[in-house]
Amino acid sequence: MAPHDIRRPFKRAAISDQQKRRELSLQRQAQNRTEAQLQARRLASSILSFPNHNSDPQPLESLEPLVEEIVEEPETDAAGDITEIDIRQAARLKGSEARRWFASQLMLPEWMIDVPDRLVEDWYVFARPSGKRCFVVSSNGTTVSRLRNGSQLHRFPSALPNGAKTKESRSAQSYCILDCIFHELDQTYYVIDMVCWAGISFYECTAEFRFFWMNSKLVESGACEAPSNYHRYRFSLIPVYGCDHEGLQTAYTGEVPYVKDGLLFYNKHAHYQTGNTPLVLVWKDETCSQYVIDTDNKGQVPNQQQVVLELQDNGQLVTSDDPPVVLGCLNATFTQETGLHSGNLVRFAVNDGGLTFVDGKLEKADLHYVGKVHRARAFADSYSKIIFQYMVRNSPLRIEHLFASMGTVSEQGSNEVEMVG
Amino acid sequence: MEVTQVLLNAQSVDGSVRKHAEESLKRFQDENLAGFLLSLSGELSSDEKPVDSRRLAGLILKNALDAKEQHRKFELVQRWLSLDVGVKTQIKHCLLQTLSSHVHEARSTASQVIAKVAGIELPQKQWPELISSLLANIHQVPVHVKQATLETLGYMCEEVSPDVVEQEHVNKILTAVVQGMNSSEGSTDVRLAATRAMYNTLSFAQANFSNDMERDYIMKVVCEATLSSELKIRQAAFECLVSISSSYYEKIAPYMQDIFNITAKAVKEDEEPVALQAIEFWSSICDEEIDILEDYAGDFAGDSEIPCFYFIKKALPALVPMLLETLLKQEEDQDQDEGVWNLAMAGGTCLGLVARTVGDDIVPLVMPFIEENISKPDWRQREAATYAFGSILEGPSPDKLTPLVNVALNFMLTALTTDPNNHVKDTTAWTLGRIFEFLHGSSMETPIITQANCQQIITVLLQSMKDAPNVAEKACGALYFLTQGFEDIDQTSPLTPYFQEIVQSLLLVTHREDAGESRLRTAAYETLNEVVRCSTDETVPMVLQLVPVIMMELHKTLEEHNLSSDERRKQNELQGLLCGCLQVIIQKLGSLEQTKYAFMQYADQIMNLFLRVFAFRSATVHEEAMLAIGSLAYSTGQDFAKYMPEFYKYLEMGLQNFEEYQVCAVTVGVVGDICRALEEKVLPWCDGIMTQLLKDLSSNQLHRSVKPPIFSCFGDIALAIGENFEKYLMYAMPMLQSAAELSAHTSSADDEMIEYTNLLRNGILEAYSGIFQGFKNSPKTQLLIPHAPHIVQFLDLIYMEKDMDDMVMKTAIGVLGDLADTLGSNAGSLIQQSLSSKDFLNECLSSDDHVIKESAEWAKLAIGRAISI
């Protein structure tokens, strides 16, 4: 039995470069494998509906400037034929296809016409920046922002994942999609929601989860830093508050670096869904918005409230909701005289008779025909929008009502008697 | 057959006689194994036969029982076990008898053969009388029998594992060994044999070390033996102490004061072999405490089974001066000689370990020594001071060290340029490297490299790269760590202005006539690799210019023919370095948008070079070129398909390389790269690849570490070719299932086994993941349904065993999601019925690890859908 060797490495680094090369290769392979897995998983987990509106699809690429543009919320129809497309492909779409796809993907708030239950418990609130609502997509080393009609706003390098051609070892699968508002004054993208991050889809996650990730990821990425060579526009997070008395007050009156355009309310448990949803609400008054009452394309407030409705086969005039709400009816003679067809969007003014409610439901509307709507406009107004605008002109839902609802909710919460009126 | 003569002939100086004898021995063995082994054992035991034939007979016997390669060893064991019992009894009788021979060599050979037989038979509960008959020998009078028996017991304990020897026997063996070591034993030979036997017996003595009286006695005997007048006994006794320090760390507190005195005396006064063991004792205590303190700092705070006794901290005031003394005992040329291990080296290494163990506390104890010696005329003092400084740079906090380094840096730079002594310069350059390694980088609060000193540092290092090879090699090392410290800088690195000069200097070094000495060329290429890895947007265009240069170097090595074997070896080594360098370059340039396109212009030529390198067929080159091809495939994507017809045979060769398992492992990784690059275009090659992978898995020759990556590779293939994986299901699925079941039966005895089980399970799970995702949305999904129940069971088992690491947790919860995603409602009820899916999912959802959480969120979605359908 010879003595045992006790020599130890002397003046040597702990691992050789060869070992380092092996390990780096293994790391790269493991990372690539994980990405390939994630990509495969996304292929089904995020299939989205691609609404295929109207029988005569309009070539949106030939979009002309609107003649009678009204500054207002877009109203889309979430129903319709479904062409399945997954967001991984969507991030790679180009040109008209991309416009078509993104035009239908934003989650759109309903207007707040009454105060939702459990506001304190289930809702977030934040001050909405005034500006252009858009999707920001980073992929393949570039970043593109698209307006709500799908058309391109900017193409630029950014610090978002795979948003510029600088970083190493970014895979082609890495991309992200953010729901933003571009604020002209400070040239900043205010991020209001996160749809995809570094290739991971957040569609089927709750708002609570999305906001949590959005806050941590966006800062990590460096996208919130000042513009630089590889990062043309600053991104900025918006302070989101739980909708208690203090949160609402802060959102309503608190200082923000942007021009406010109303308040947005998000239900904490809501998933990101395309089109109109009652789980996200917008509310505004003169204190927190310059645009409370719809204006026409010259920026003037019309004397009478105007609404856009869709004409149906049977002559009924309906909103864009699903199911649609009927606001009135045109007789066949009038239809023929004016050359209207089923499916046309028609503009009306609300006459002095106004809207009549019975048991909180709209029963009839005193409408006056104004004319056909420009063909580039795709959707009628939603019910909530019409009602909100009507209320603004007549008996608005005020901030006091919102605060008051908090008080009553908590008072009633202790004594849950069902009132039968 | 007259075996004696044949055995003698087999050792003849005449080659043809030897060859003939070897052939007849082989024939004899093949024709009549039992007769062959019997006559060898007869030869060994017969005192009438010549020593030479007896020794060879014993050696052949030994080789008939054991081999290095696992699979060969297994065959030999089976062969012995199936021999006729009578034959074996007779052989064993001969062997035991030989222990009483007067010929020392015969006894010694026999004791080794006995240990081999014991290694086979004791675990099978055979040869129960062996230990008693050996112990009976101990009481015999003749000294040489006693000596041989103790030696046999020592070998036996080395050969068999402690759990096959009953405690009763252990007690008797220990008693015999301790008795033999006792100072009252008159024979030096017996004491030496007993002390060496003690070394191997220690691992059997768990129970005895838990008994205070017995432990005290063993320690007393061992410590006494360190004071023997015989050097070999002292050395063997210190070896026992070293072994005790790691096996029984938690039991030695009462003896530490005595041990310190003994070791201090040995380090000061004893001969080098003994002094080295004495230092090793303290290094080994450091190893133990570093491990324990790491556990303390890790996830399982306070959970460590063994508490830290802080022996090093307590001994510090006496230990450090003792080690510093040794630093002054350098040998003249120790830096030029690879094989040297002396007191100064052992002491310095131990000092470094002590610094890692105690941290800041060591600094005030070492600084006076450095200050006193660093400027002395005697080079030994300057070198010792520098080495001491270099040794304590890992362990203490940057807060403590940075001010010292700021003062020392300038001194070191001057010494590296002007000190007349090679040894001092070597250590100075090494120390600079340690400074950059441990105190320079983006995580440091106070940078030690500034705009002001950066240029000087680089100038000095580049200058030193022209010094003697050993100094130049250390300068390259320092430059390596200097570069590494800037790896996180994206754009303007402080190295940018010197980039070109650094690259050129390194290339010059690789061309030095004497670059083969002191591994200088290797160091230069390794540093070049790090420079490439850390290049930034500004400097990466210069890396692009490096591509044709390295390609040309590689081309040159392929043009030289008719080389001597030594030249050929060097050429192979160089090819390995160049392929390694190209791999790093490919990885860098191929992953950057900025350079990718320009770099791809070279892809064809580079691939062509690699294919030519394969023709050389040397293991290391093979591996490096293979690694590089993986990176190339990743960068090339689908276009890699055009190289496949020519490359495929080498891929297959790599997968067949059982012996050099690293090569096989690397090749398996490259298959994954190719799958991801080619996607469905890899299909034509899959039959061959799958066949090879399945062969690898069923081979018991292949190193077990390659198996987990092979399973992962199944997943890569399935993901790439989708439902075309159908035809491999009937092979892959049973293999995965049996591996999964096997992994359930491994008793999680030791950490190493737990780690391997986790690796294996991760591989299996990645395979399932890839297969499920590959089949998704295919009409053939139902082929997977029959496999789902056992996969869910496997997941249950993994969850309930609680041994999984984060990686397995992430992969496992992902598989649950994949199963639900692909099988939909077919998996829904299975998951709902499973024992632990819900708990598992909830645990993952609340994990702090965001990767696990991410996987879990996804699984939750998929399961939610599957259940709701």
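The values are calculated or read from the model by the stated rules, or taken from the named source; none is laboratory data. Note that the structure is a prediction, hence the values are computed from the model and not measured. Cβ: placed from backbone, ideal geometry, glycine included. Neighbour counts: every protein chain shown.
The C-beta contact set for region B:648-663 (first residue small (Gly, Ala, Ser), second residue part of a helix (DSSP H, G or I), distance under 8 angstrom, 6+ apart or interchain) comprises B:654/B:622; B:654/B:626; B:654/B:663; B:654/B:664; B:654/B:666; B:654/B:667; B:654/B:670. Taking into account only those residues within region B:1-57 that are loosely packed, with under 15 Cβ neighbours inside 10 Å, more than 40 Å from the chain's Cα centre (by Cα) and among the hydrophobic types (A, V, I, L, M, F, W, C), which is nearest to residue B:111 (Cα to Cα)? Result: B:1.
Evaluating residue A:118 against the criteria (1) at positive phi; (2) more than 14 Å from every other protein chain (Cβ to nearest Cβ); (3) crowded, with 23+ Cβ neighbours inside 10 Å; (4) not aliphatic (A, V, I, L, M) leaves one unmet condition, (3).
Just one residue in the set B:544, B:520, B:589 is within 12 Å of chain A (Cβ to nearest Cβ) and either within 22 Å of residue B:484 (Cβ to Cβ) or surrounded by 24 or more Cβ atoms within 10 Å (Cβ to Cβ) (or both); that residue is B:589.
In region A:277-292, the residues that are farther than 25 Å from residue A:206 by Cβ form Cβ pairs under 8 Å with partners that are modelled with pLDDT of 85 or more and of a type in the set (A, V, I, L, M, F, W, C), at six or more places apart or across chains, as follows: A:284/A:263; A:285/A:399; A:287/A:399; A:288/A:127; A:288/A:263; A:290/A:259; A:292/A:392. Does region B:473-495 hold any residues that are within 12 Å of another protein chain (Cβ to nearest Cβ) and assigned to a loop (DSSP other than H, G, I, E, B), and which are they? Matches in region B:473-495: B:487, B:488, B:490, B:491, B:492. Among the residues of region B:354-372, is any over 35 Å from the mean Cα position of the chain (by Cα) and in contact (Cβ under 8 Å) with a residue 40 or more places away in the chain? Yes, region B:354-372 contains at least one residue that is over 35 Å from the mean Cα position of the chain (by Cα) and in contact (Cβ under 8 Å) with a residue 40 or more places away in the chain. Yes or no: region B:672-690 includes at least one residue that is more than 12 Å from every other protein chain (Cβ to nearest Cβ), on the phi < 0 side of the Ramachandran plot and in contact with a Ser or Thr (Cβ under 6 Å, 6 or more places away or on another chain). No, region B:672-690 contains no residue that is more than 12 Å from every other protein chain (Cβ to nearest Cβ), on the phi < 0 side of the Ramachandran plot and in contact with a Ser or Thr (Cβ under 6 Å, 6 or more places away or on another chain).
Within region B:804-861, the set of residues being of a type outside the set (S, T, N, Q), away from chain A (no Cβ under 12 Å) and not in a helix (DSSP H, G or I) comprises B:804, B:805, B:835, B:848, B:849.
Might you let me know whether region B:825-839 holds any residue that is within 22 Å of residue A:200 (Cβ to Cβ) and either surrounded by 18 or more Cβ atoms within 10 Å (Cβ to Cβ) or under 41 Å from the mean Cα position of the chain (by Cα) (or both)?
At the first step, the residues of region B:825-839 found to be within 22 Å of residue A:200 (Cβ to Cβ) are none.
No, the conditions are met nowhere in region B:825-839.
To keep it simple, each residue is scored yes or no on (1) crowded, with 21+ Cβ neighbours inside 10 Å; (2) away from every other protein chain (no Cβ under 14 Å).
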{"residue": "B:255", "(1), (2)": "no, yes"}
{"residue": "B:261", "(1), (2)": "no, yes"}
{"residue": "B:265", "(1), (2)": "no, yes"}
{"residue": "B:268", "(1), (2)": "no, yes"}
{"residue": "B:271", "(1), (2)": "no, no"}
{"residue": "B:274", "(1), (2)": "yes, no"}
{"residue": "B:279", "(1), (2)": "yes, no"}
{"residue": "B:282", "(1), (2)": "yes, no"}
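With respect to (1) free of Cβ contacts under 8 Å to residues at least 40 places away in the same chain; (2) within 14 Å of another protein chain (Cβ to nearest Cβ); (3) of a type in the set (Phe, Trp, Tyr), the lone exception for residue B:599 is condition (1). Among residues of region B:700-718 being part of a helix (DSSP H, G or I) and touching a Cys at 6+ places or on another chain (Cβ under 7 Å), the one that is modelled with the lowest pLDDT is B:706. Has region B:754-777 got at least one residue that is under 20 Å from residue A:25 (Cα atoms), of a type in the set (A, V, I, L, M), surrounded by 24 or more Cβ atoms within 10 Å (Cβ to Cβ) and within 12 Å of chain A (Cβ to nearest Cβ)? Yes, because at least one residue in region B:754-777 is under 20 Å from residue A:25 (Cα atoms), of a type in the set (A, V, I, L, M), surrounded by 24 or more Cβ atoms within 10 Å (Cβ to Cβ) and within 12 Å of chain A (Cβ to nearest Cβ). Scanning region A:214-253 for residues that are in contact with a Cys (Cβ under 9 Å, 6 or more places away or on another chain) and over 22 Å from residue A:124 (Cβ atoms) gives A:221, A:234. For region B:371-380, the criterion of a residue being of a type in the set (Gly, Ala, Ser) and crowded, with 16+ Cβ neighbours inside 10 Å is satisfied by no position. Counting only residues that are modelled with pLDDT under 85 and either within 17 Å of residue A:310 (Cα to Cα) or surrounded by 14 or more Cβ atoms within 10 Å (Cβ to Cβ) (or both), region A:345-359 holds 2 of them.
Looking at residue B:812, is it among the aliphatic types (A, V, I, L, M), surrounded by 22 or more Cβ atoms within 10 Å (Cβ to Cβ) and either more than 34 Å from the chain's Cα centre (by Cα) or over 22 Å from residue A:40 (Cβ atoms) (or both)? For residue B:812, the condition - among the aliphatic types (A, V, I, L, M), surrounded by 22 or more Cβ atoms within 10 Å (Cβ to Cβ) and either more than 34 Å from the chain's Cα centre (by Cα) or over 22 Å from residue A:40 (Cβ atoms) (or both) - is not met. When region A:13-52 is filtered for residues that are within 9 Å of chain B (Cβ to nearest Cβ), within 30 Å of residue B:388 (Cβ to Cβ) and at pLDDT 80 or above, the ones remaining, listed by number, are A:16, A:17, A:20.
Looking only at residues of region B:611-629 that are at pLDDT below 85 and part of a helix (DSSP H, G or I), we find that the one that is nearest to the other protein chains (Cβ to nearest Cβ) is B:620. Is it true that some residue in region B:366-384 is within 14 Å of chain A (Cβ to nearest Cβ) and at pLDDT below 95? No; the residues of region B:366-384 include none that is within 14 Å of chain A (Cβ to nearest Cβ) and at pLDDT below 95.
Residue B:206 passes every criterion in (1) under 24 Å from residue B:164 (Cβ atoms); (2) crowded, with 16+ Cβ neighbours inside 10 Å apart from (2).
Residues checked against (1) over 30 Å from the mean Cα position of the chain (by Cα); (2) not in a helix (DSSP H, G or I):
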| site | (1), (2) |
| --- | --- |
| B:119 | no, no |
| B:123 | no, no |
| B:126 | yes, yes |
| B:133 | yes, no |
| B:137 | yes, no |
| B:141 | yes, yes |
| B:146 | yes, no |
| B:149 | yes, no |
| B:158 | no, no |
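Tell me, please, whether a residue that is outside any loop (DSSP other than H, G, I, E, B), at pLDDT below 95 and on the phi < 0 side of the Ramachandran plot can be found in region B:511-519. Yes, that holds for at least one residue.
Provide a single number: the residues in region A:253-281 that are assigned to a strand (DSSP E or B) and acidic (Asp, Glu). Before the answer, list the steps.
Kept after step one, since they are assigned to a strand (DSSP E or B), are these residues of region A:253-281: A:260-267, A:271, A:275-281.
Checking which are acidic (Asp, Glu) leaves us with A:261.
Qualifying residue count, region A:253-281: 1.
Here is a check on your reading of the model: is residue B:339 within 12 Å of another protein chain (Cβ to nearest Cβ) and exposed (fewer than 14 other Cβ atoms within 10 Å of the Cβ)? For residue B:339, the condition - within 12 Å of another protein chain (Cβ to nearest Cβ) and exposed (fewer than 14 other Cβ atoms within 10 Å of the Cβ) - is met.
Taken over region A:333-387, residues that are of a type outside the set (Ser, Thr, Tyr), more than 17 Å from residue A:321 (Cα to Cα) and not in a strand (DSSP E or B) amount to 12.
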